[in-house]
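Read the structure below first, then the notes.
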Amino acid sequence: MKRAPPPSAGAPSAGGSRASAVADAVQALFRERGATSYYGERVTLAEHMLQTAHAAETEGAPVALVLAALLHDIGHLVEAVPEDLADWSFDAHHEEVGARWLAERFGPEIVEPVRLHVPAKRYLCATDHAYLATISEASLFTLKLQGGPMSPEEMRRFEGAAHHRDAVRVRRWDDAGKRAGTVTPDLEHYRALIDAHARARD
């Protein structure tokens, strides 16, 4: 398995206590809600997020993108929604919830791919016809709640976002992170990366 680069390689450091507090907060969310079933899939939320990070790391992605992949669904851990997709009647905008939580702790290189990973799904559905055939039934269900494939104007706006290419990469790892029984490193494996990238409060 390809390991992530050392946290010191180009990574900003916020200092021990603040960074450790962020890592502790992430671990607490995983511990409290990570065992929840990942809506309509055969994995838990924690398994899905770890698989997504593992896919990014195996591909040799930059450390910030590995963390964005790890934390892309943290909005689901911050605010609970019904576990049964049949009970979903509207989009919970978990990407926005997660981005707001992350923005207090990380820079835009991590926050923005998370905020844009749902729009990235809508973008790929509009621009890559083969993509629709690859996503799960649960993801197809939520696509309808999220607005369906983007319109041409929405695509132009998305392409104008600074981190849209990173968001597309996170989206593809996200789609790959739903396989029951996949063995990945645990959350502790990423703690040093979280510590290195957590930023001090202004």
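The values are calculated or read from the model by the stated rules, or taken from the named source; none is laboratory data. Quick caveat, the model's predicted, so the values are computed rather than measured. All Cβ positions, glycine included, derive from the backbone under ideal geometry; neighbour counts span all protein chains shown.
Data table
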item	result
Which listed residue is of a type outside the set (D, E, K, R) and surrounded by fewer than 19 Cβ atoms within 10 Å (Cβ to Cβ), from 167, 161	161
Residues (assigned to a loop (DSSP other than H, G, I, E, B) and crowded, with 18+ Cβ neighbours inside 10 Å) located in segment 97-127	105, 106, 116
Every residue from segment 184-202 that is assigned to a loop (DSSP other than H, G, I, E, B), modelled with pLDDT of 95 or more and either of a type outside the set (Ser, Thr, Tyr) or touching a Cys at 6+ places or on another chain (Cβ under 7 Å) (or both)	185, 186
Residues satisfying the stated conditions in segment 165-191, i.e. out of contact with any Ser or Thr (no Cβ under 6 Å at 6 or more places or on another chain), under 14 Å from residue 57 (Cα atoms) and small (Gly, Ala, Ser)	176
Near pairs, Cβ below 9 angstrom, 6+ apart or cross-chain, from segment 61-77 (more than 17 Å from residue 175 (Cβ to Cβ)) to any residue that is among the aromatic types (Phe, Trp, Tyr) and not in a helix (DSSP H, G or I)	64/106; 67/106
Answer residue from segment 63-89, given it is assigned to a loop (DSSP other than H, G, I, E, B) and more than 18 Å from residue 102 (Cα to Cα) and is modelled with the highest pLDDT among those	81
The one condition in (1) closer than 24 Å to residue 41 by Cβ; (2) in a loop (DSSP other than H, G, I, E, B) that residue 162 fails to fulfil	(1)
Selection count, segment 30-60, where residues are surrounded by 18 or more Cβ atoms within 10 Å (Cβ to Cβ), of a type outside the set (Val, Ile, Thr) and not in a loop (DSSP other than H, G, I, E, B)	13
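For every residue, the table says whether it meets (1) more than 18 Å from the chain's Cα centre (by Cα); (2) at pLDDT 90 or above; (3) surrounded by 13 or more Cβ atoms within 10 Å (Cβ to Cβ); (4) closer than 26 Å to residue 50 by Cα.
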position: 129; (1), (2), (3), (4): yes, no, no, no
position: 142; (1), (2), (3), (4): no, no, yes, yes
position: 145; (1), (2), (3), (4): yes, no, yes, yes
position: 149; (1), (2), (3), (4): yes, yes, yes, no
position: 153; (1), (2), (3), (4): yes, yes, no, no
position: 172; (1), (2), (3), (4): no, yes, yes, yes
position: 175; (1), (2), (3), (4): no, yes, yes, yes
position: 181; (1), (2), (3), (4): yes, yes, no, yes
